[in-house]
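Asker: Structure below; questions to follow.
The values are calculated or read from the model by the stated rules, or taken from the named source; none is laboratory data. Please read all numbers here as calculations on a predicted model, not as lab measurements. Glycine gets a Cβ as well: all are built from the backbone with ideal geometry, and neighbour counts include every protein chain shown. SASA here: full protein model, heavy atoms, side chains in, ligands and nucleic acids out. Shrake-Rupley method; radii C 1.70, N 1.55, O 1.52, S 1.80 Å.
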Amino acid sequence: MFENLQDRLGSILNGLTGRGALSEADVSAALREVRRALLEADVALEVVRSFTDRVREKAVGAEILKSIKPGQMVVKIVHDELIEMLGSEGVGIDLNAPAPVVIMMVGLQGSGKTTTTAKIANRLVTRERKKVLMASLDTRRPAAQEQLRQLGVQVSIDTLPVIAGQSPEDIASRAVQAAKLGGHDVVILDTAGRTHIDEPLMQEMAEIKRRAKPHEILLVADSLTGQDAVNLARSFDERVGITGLVLTRMDGDGRGGAALSMRAVTGKPVKLIGTGERMGELDEFHPRRIADRILG
Ligand code: GDP
(Lines give C-alpha, C1' and ligand atoms only; values in the text may rest on other atoms or scores of the structure.)
Protein backbone atom coordinates (compact mmCIF):
# COMPACT_ATOMS: atom_id res chain seq x y z
CA MET A 1 0.00 0.00 0.00
CA PHE A 2 0.98 3.64 -0.61
CA GLU A 3 3.55 2.33 -3.10
CA ASN A 4 3.31 5.60 -4.88
CA LEU A 5 4.29 7.80 -1.97
CA GLN A 6 6.63 5.17 -0.62
CA ASP A 7 8.45 5.00 -3.96
CA ARG A 8 8.77 8.73 -4.13
CA LEU A 9 10.09 8.92 -0.61
CA GLY A 10 12.32 5.93 -1.23
CA SER A 11 14.26 7.70 -3.93
CA ILE A 12 14.78 10.65 -1.59
CA LEU A 13 15.48 8.91 1.70
CA ASN A 14 16.68 5.39 1.20
CA GLY A 15 20.30 6.41 0.92
CA LEU A 16 20.08 7.29 4.61
CA THR A 17 19.86 3.74 5.88
CA GLY A 18 22.16 3.27 8.81
CA ARG A 19 22.80 6.99 9.22
CA GLY A 20 21.40 7.56 12.69
CA ALA A 21 18.47 9.95 12.80
CA LEU A 22 16.34 11.83 10.25
CA SER A 23 17.66 15.36 9.82
CA GLU A 24 15.61 18.50 9.22
CA ALA A 25 16.76 18.51 5.59
CA ASP A 26 15.82 14.84 5.00
CA VAL A 27 12.37 15.46 6.47
CA SER A 28 11.82 18.65 4.47
CA ALA A 29 12.62 16.82 1.25
CA ALA A 30 10.23 14.02 2.17
CA LEU A 31 7.50 16.44 3.19
CA ARG A 32 7.52 18.06 -0.22
CA GLU A 33 6.34 14.73 -1.63
CA VAL A 34 3.84 14.22 1.19
CA ARG A 35 2.45 17.66 0.50
CA ARG A 36 2.06 16.83 -3.17
CA ALA A 37 0.27 13.57 -2.35
CA LEU A 38 -2.17 15.34 -0.03
CA LEU A 39 -2.94 18.07 -2.54
CA GLU A 40 -3.56 15.40 -5.18
CA ALA A 41 -6.04 13.86 -2.73
CA ASP A 42 -7.85 17.23 -2.53
CA VAL A 43 -6.84 18.13 1.01
CA ALA A 44 -7.14 21.90 1.44
CA LEU A 45 -3.88 23.84 1.37
CA GLU A 46 -4.05 25.27 4.89
CA VAL A 47 -4.75 21.82 6.28
CA VAL A 48 -1.84 20.37 4.30
CA ARG A 49 0.38 22.97 5.96
CA SER A 50 -0.71 22.23 9.50
CA PHE A 51 -0.52 18.52 8.80
CA THR A 52 3.02 18.64 7.44
CA ASP A 53 4.07 20.77 10.44
CA ARG A 54 2.84 18.06 12.76
CA VAL A 55 4.60 15.35 10.80
CA ARG A 56 7.80 17.41 10.75
CA GLU A 57 7.73 17.61 14.53
CA LYS A 58 7.41 13.86 14.85
CA ALA A 59 9.86 12.91 12.11
CA VAL A 60 12.86 15.19 12.68
CA GLY A 61 15.31 13.39 14.89
CA ALA A 62 13.48 10.06 14.66
CA GLU A 63 15.94 7.18 14.79
CA ILE A 64 16.41 5.46 11.45
CA LEU A 65 15.70 1.85 12.28
CA LYS A 66 17.86 -0.75 10.58
CA SER A 67 14.86 -3.00 10.00
CA ILE A 68 12.81 -0.65 7.80
CA LYS A 69 13.62 1.82 5.08
CA PRO A 70 13.51 5.53 5.97
CA GLY A 71 10.85 6.08 3.28
CA GLN A 72 8.61 3.49 4.92
CA MET A 73 9.25 5.09 8.26
CA VAL A 74 8.08 8.49 7.12
CA VAL A 75 5.05 6.96 5.43
CA LYS A 76 4.16 5.29 8.72
CA ILE A 77 4.46 8.57 10.62
CA VAL A 78 2.29 10.24 7.94
CA HIS A 79 -0.29 7.47 8.07
CA ASP A 80 -0.52 7.46 11.87
CA GLU A 81 -0.86 11.22 11.96
CA LEU A 82 -3.61 11.12 9.32
CA ILE A 83 -5.60 8.64 11.39
CA GLU A 84 -5.08 10.75 14.49
CA MET A 85 -6.29 13.88 12.73
CA LEU A 86 -9.26 12.15 11.10
CA GLY A 87 -10.57 11.32 14.57
CA SER A 88 -12.41 8.51 16.22
CA GLU A 89 -14.07 5.56 14.64
CA GLY A 90 -17.81 4.89 14.78
CA VAL A 91 -19.09 8.17 16.24
CA GLY A 92 -22.77 7.63 15.49
CA ILE A 93 -25.74 9.94 15.74
CA ASP A 94 -26.25 11.03 19.34
CA LEU A 95 -29.83 10.41 20.41
CA ASN A 96 -29.16 10.94 24.07
CA ALA A 97 -31.74 13.67 24.72
CA PRO A 98 -35.43 13.84 25.63
CA ALA A 99 -37.77 12.88 22.77
CA PRO A 100 -38.34 14.14 20.23
CA VAL A 101 -34.62 14.41 19.49
CA VAL A 102 -34.18 17.03 16.77
CA ILE A 103 -31.58 16.48 14.05
CA MET A 104 -30.97 19.42 11.73
CA MET A 105 -29.38 18.74 8.36
CA VAL A 106 -27.48 21.62 6.76
CA GLY A 107 -25.39 22.02 3.63
CA LEU A 108 -25.24 23.34 0.12
CA GLN A 109 -27.71 22.46 -2.59
CA GLY A 110 -26.86 19.24 -4.35
CA SER A 111 -24.66 17.97 -1.53
CA GLY A 112 -27.01 15.05 -0.94
CA LYS A 113 -28.86 16.51 2.04
CA THR A 114 -32.35 15.25 1.23
CA THR A 115 -31.13 11.78 0.29
CA THR A 116 -29.04 11.63 3.47
CA THR A 117 -32.00 12.78 5.58
CA ALA A 118 -34.01 9.79 4.37
CA LYS A 119 -31.03 7.44 4.72
CA ILE A 120 -30.48 8.47 8.34
CA ALA A 121 -34.19 8.19 9.10
CA ASN A 122 -34.23 4.74 7.54
CA ARG A 123 -31.22 3.70 9.59
CA LEU A 124 -32.76 4.89 12.85
CA VAL A 125 -35.99 3.05 12.07
CA THR A 126 -34.47 -0.23 10.95
CA ARG A 127 -31.49 -0.45 13.32
CA GLU A 128 -32.71 1.37 16.39
CA ARG A 129 -36.45 0.87 16.08
CA LYS A 130 -37.08 4.59 16.44
CA LYS A 131 -40.21 6.36 15.30
CA VAL A 132 -39.01 9.12 13.00
CA LEU A 133 -40.61 12.17 11.41
CA MET A 134 -38.92 13.99 8.52
CA ALA A 135 -39.71 17.56 7.46
CA SER A 136 -38.50 19.51 4.46
CA LEU A 137 -37.79 23.17 5.24
CA ASP A 138 -36.88 23.97 1.66
CA THR A 139 -39.64 26.31 0.57
CA ARG A 140 -37.64 27.82 -2.27
CA ARG A 141 -37.74 24.71 -4.38
CA PRO A 142 -41.22 23.14 -4.15
CA ALA A 143 -39.73 20.02 -5.72
CA ALA A 144 -37.56 19.57 -2.63
CA GLN A 145 -40.56 19.03 -0.36
CA GLU A 146 -42.04 16.57 -2.83
CA GLN A 147 -38.69 14.74 -3.11
CA LEU A 148 -38.61 14.16 0.65
CA ARG A 149 -42.24 13.07 0.67
CA GLN A 150 -41.52 10.50 -2.02
CA LEU A 151 -38.48 9.19 -0.19
CA GLY A 152 -40.66 8.94 2.93
CA VAL A 153 -43.17 6.81 1.04
CA GLN A 154 -40.34 4.66 -0.31
CA VAL A 155 -38.95 3.86 3.15
CA SER A 156 -42.33 4.05 4.97
CA ILE A 157 -41.35 6.95 7.19
CA ASP A 158 -43.65 9.83 8.14
CA THR A 159 -43.07 13.23 6.56
CA LEU A 160 -44.62 16.42 7.83
CA PRO A 161 -47.54 17.42 5.58
CA VAL A 162 -46.76 20.53 3.55
CA ILE A 163 -48.69 23.74 4.24
CA ALA A 164 -48.23 26.09 1.30
CA GLY A 165 -46.78 29.49 2.13
CA GLN A 166 -45.32 28.58 5.53
CA SER A 167 -41.83 29.88 6.31
CA PRO A 168 -38.94 27.48 6.99
CA GLU A 169 -38.77 28.70 10.60
CA ASP A 170 -42.49 28.05 11.11
CA ILE A 171 -42.22 24.63 9.51
CA ALA A 172 -39.41 23.82 11.97
CA SER A 173 -41.59 24.74 14.95
CA ARG A 174 -44.54 22.82 13.52
CA ALA A 175 -42.36 19.75 12.88
CA VAL A 176 -41.19 19.63 16.50
CA GLN A 177 -44.75 20.10 17.71
CA ALA A 178 -46.05 17.39 15.37
CA ALA A 179 -43.34 15.01 16.57
CA LYS A 180 -44.36 15.62 20.18
CA LEU A 181 -48.02 14.98 19.41
CA GLY A 182 -47.25 12.03 17.17
CA GLY A 183 -45.03 10.29 19.70
CA HIS A 184 -41.99 10.39 17.43
CA ASP A 185 -38.60 9.69 18.99
CA VAL A 186 -36.70 11.68 16.40
CA VAL A 187 -37.49 14.53 14.02
CA ILE A 188 -35.11 15.27 11.15
CA LEU A 189 -35.20 18.73 9.59
CA ASP A 190 -34.00 18.88 5.99
CA THR A 191 -33.11 22.56 5.60
CA ALA A 192 -32.79 24.46 2.34
CA GLY A 193 -29.46 24.69 0.59
CA ARG A 194 -28.04 27.25 -1.78
CA THR A 195 -25.48 26.86 -4.51
CA HIS A 196 -23.07 28.83 -2.32
CA ILE A 197 -22.88 30.17 1.22
CA ASP A 198 -24.62 33.50 1.74
CA GLU A 199 -25.78 35.63 4.62
CA PRO A 200 -29.56 35.01 4.28
CA LEU A 201 -28.91 31.26 4.34
CA MET A 202 -26.88 31.53 7.52
CA GLN A 203 -29.53 33.72 9.16
CA GLU A 204 -32.21 31.23 8.22
CA MET A 205 -30.16 28.36 9.70
CA ALA A 206 -29.54 30.32 12.91
CA GLU A 207 -33.24 31.08 13.35
CA ILE A 208 -34.27 27.47 12.68
CA LYS A 209 -31.71 26.39 15.26
CA ARG A 210 -33.09 28.84 17.81
CA ARG A 211 -36.63 27.59 17.27
CA ALA A 212 -36.07 23.85 16.97
CA LYS A 213 -33.16 23.47 19.46
CA PRO A 214 -31.55 20.58 17.57
CA HIS A 215 -29.47 18.07 19.49
CA GLU A 216 -27.47 17.28 16.35
CA ILE A 217 -26.62 19.65 13.52
CA LEU A 218 -25.07 17.65 10.71
CA LEU A 219 -23.26 19.30 7.84
CA VAL A 220 -23.76 17.24 4.70
CA ALA A 221 -20.96 17.78 2.21
CA ASP A 222 -19.88 16.25 -1.04
CA SER A 223 -16.64 14.34 -0.49
CA LEU A 224 -15.46 15.62 -3.86
CA THR A 225 -15.38 19.19 -2.53
CA GLY A 226 -11.82 20.38 -3.01
CA GLN A 227 -10.27 23.55 -1.67
CA ASP A 228 -13.73 24.95 -0.82
CA ALA A 229 -14.19 22.36 1.91
CA VAL A 230 -12.45 24.51 4.50
CA ASN A 231 -14.53 27.59 3.84
CA LEU A 232 -17.73 25.56 3.75
CA ALA A 233 -17.11 23.75 7.02
CA ARG A 234 -15.80 26.81 8.81
CA SER A 235 -18.74 29.00 7.76
CA PHE A 236 -21.38 26.52 8.86
CA ASP A 237 -19.56 25.78 12.07
CA GLU A 238 -18.96 29.39 13.04
CA ARG A 239 -22.39 30.64 12.09
CA VAL A 240 -24.61 27.71 12.96
CA GLY A 241 -22.44 25.45 15.09
CA ILE A 242 -22.36 21.94 13.72
CA THR A 243 -22.08 18.78 15.80
CA GLY A 244 -20.82 16.49 13.06
CA LEU A 245 -20.19 15.87 9.38
CA VAL A 246 -21.67 13.51 6.85
CA LEU A 247 -19.69 13.05 3.64
CA THR A 248 -21.56 11.94 0.56
CA ARG A 249 -20.43 10.34 -2.70
CA MET A 250 -17.68 8.35 -1.07
CA ASP A 251 -18.52 5.76 -3.73
CA GLY A 252 -17.01 8.11 -6.33
CA ASP A 253 -13.46 8.34 -7.55
CA GLY A 254 -12.47 11.07 -5.11
CA ARG A 255 -9.70 10.42 -2.64
CA GLY A 256 -11.61 11.88 0.28
CA GLY A 257 -9.27 14.70 1.22
CA ALA A 258 -12.30 16.81 2.18
CA ALA A 259 -12.81 14.56 5.20
CA LEU A 260 -9.44 15.62 6.59
CA SER A 261 -9.94 19.29 5.66
CA MET A 262 -13.35 19.61 7.30
CA ARG A 263 -12.46 17.60 10.36
CA ALA A 264 -9.28 19.64 10.83
CA VAL A 265 -10.91 23.07 10.66
CA THR A 266 -13.98 22.26 12.77
CA GLY A 267 -12.71 19.52 15.08
CA LYS A 268 -16.12 17.90 14.59
CA PRO A 269 -16.36 14.18 13.88
CA VAL A 270 -17.29 12.63 10.56
CA LYS A 271 -20.30 10.64 11.72
CA LEU A 272 -21.40 8.85 8.58
CA ILE A 273 -20.53 8.55 4.92
CA GLY A 274 -22.78 8.16 1.89
CA THR A 275 -21.68 5.45 -0.50
CA GLY A 276 -24.38 5.49 -3.18
CA GLU A 277 -27.81 6.72 -4.13
CA ARG A 278 -29.76 3.91 -2.49
CA MET A 279 -31.28 4.19 0.98
CA GLY A 280 -29.06 1.50 2.51
CA GLU A 281 -25.88 3.12 1.22
CA LEU A 282 -24.86 4.94 4.38
CA ASP A 283 -21.85 3.68 6.33
CA GLU A 284 -19.92 4.35 9.46
CA PHE A 285 -16.73 6.34 9.14
CA HIS A 286 -13.47 4.43 9.40
CA PRO A 287 -10.50 6.82 9.71
CA ARG A 288 -8.01 4.12 8.73
CA ARG A 289 -9.77 3.43 5.45
CA ILE A 290 -9.91 7.12 4.59
CA ALA A 291 -6.26 7.56 5.51
CA ASP A 292 -5.39 4.70 3.15
CA ARG A 293 -7.46 6.32 0.45
CA ILE A 294 -5.90 9.75 0.91
CA LEU A 295 -2.45 8.28 0.59
CA GLY A 296 -3.66 6.33 -2.47
P1 GDP B 1 -29.65 18.09 -1.84
O2 GDP B 1 -29.90 19.15 -2.86
O3 GDP B 1 -28.48 18.41 -0.98
O4 GDP B 1 -30.87 17.74 -1.05
O5 GDP B 1 -29.20 16.79 -2.66
P6 GDP B 1 -29.99 15.46 -3.02
O7 GDP B 1 -30.26 14.65 -1.81
O8 GDP B 1 -31.16 15.79 -3.88
O9 GDP B 1 -28.89 14.68 -3.85
C10 GDP B 1 -28.41 15.12 -5.10
C11 GDP B 1 -28.03 13.91 -5.95
O12 GDP B 1 -26.93 13.23 -5.33
C13 GDP B 1 -29.13 12.89 -6.05
O14 GDP B 1 -29.17 12.40 -7.38
C15 GDP B 1 -28.73 11.79 -5.08
O16 GDP B 1 -29.21 10.53 -5.46
C17 GDP B 1 -27.22 11.85 -5.18
N18 GDP B 1 -26.53 11.35 -3.97
C19 GDP B 1 -26.74 11.69 -2.68
N20 GDP B 1 -25.88 11.03 -1.86
C21 GDP B 1 -25.11 10.25 -2.66
C22 GDP B 1 -24.02 9.34 -2.41
O23 GDP B 1 -23.57 9.09 -1.28
N24 GDP B 1 -23.49 8.73 -3.52
C25 GDP B 1 -23.95 8.97 -4.79
N26 GDP B 1 -23.35 8.33 -5.80
N27 GDP B 1 -24.95 9.83 -5.04
C28 GDP B 1 -25.53 10.46 -4.01
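Asker: Taking interchain pairs and intrachain pairs at least six residues apart, which have beta carbon atoms under 6 angstrom, with the first residue in the range 259-284 and more than 12 Å from THR248 (Cβ to Cβ) and the second near the ligand (Cβ under 9 Å from one of its atoms) and open to solvent by 20 Å² or more (accessible area, probe 1.4 Å)?
Answerer: none
Asker: Please identify the pairs in which a residue from the range 177-206 that is more than 18 Å from ALA97 (Cβ to Cβ) and touching a residue at least 24 places away in the same chain (Cβ under 8 Å) has its Cβ atom under 6 Å from the Cβ atom of a residue that is within 14 Å of the ligand (Cβ to nearest atom) and open to solvent by 50 Å² or more (accessible area, probe 1.4 Å), counting only partners at least 6 apart or on another chain.
Answerer: From residues that are more than 18 Å from ALA97 (Cβ to Cβ) and touching a residue at least 24 places away in the same chain (Cβ under 8 Å), the pairs are ALA192/ARG140; GLY193/GLN109; ARG194/GLN109; THR195/GLN109.
Asker: Would you tally the residues in the range 235-270 being assigned to a helix (DSSP H, G or I) and either closer than 16 Å to GLY193 by Cα or of a type in the set (Asp, Glu) (or both)?
Answerer: Counting residues in the range 235-270 that are assigned to a helix (DSSP H, G or I) and either closer than 16 Å to GLY193 by Cα or of a type in the set (Asp, Glu) (or both) gives 5.
Asker: Would you please list the contacts, defined by Cβ atoms under 9 Å and residues six or more apart or on different chains, that run from a residue in the range 54-79 that is without any contact (Cβ under 8 Å) to a residue 24 or more places away in the chain to a residue that is open to solvent by 60 Å² or more (accessible area, probe 1.4 Å)?
Answerer: Between residues of the range 54-79 that are without any contact (Cβ under 8 Å) to a residue 24 or more places away in the chain and residues that are open to solvent by 60 Å² or more (accessible area, probe 1.4 Å), the close pairs are LYS58/ASP80; ILE68/LYS76; ILE77/LYS58.
Asker: Can you pull out every residue in the range 237-256 that is within 10 Å of the chain's Cα centre (by Cα) and more than 15 Å from the ligand (Cβ to nearest atom)?
Answerer: Within the range 237-256, just GLY244 meets the criteria.
Asker: Checking ILE163 against (1) away from the ligand (no atom under 16 Å from the Cβ); (2) hydrophobic (A, V, I, L, M, F, W, C); (3) outside any loop (DSSP other than H, G, I, E, B), which single condition isn't satisfied?
Answerer: (3)
Asker: From the list VAL91, VAL106, pick out the single residue that is surrounded by fewer than 23 Cβ atoms within 10 Å (Cβ to Cβ), under 30 Å from PHE51 (Cβ atoms) and touching a strand residue (DSSP E or B) at 6+ places or on another chain (Cβ under 8 Å).
Answerer: One residue alone meets the criteria, VAL91.
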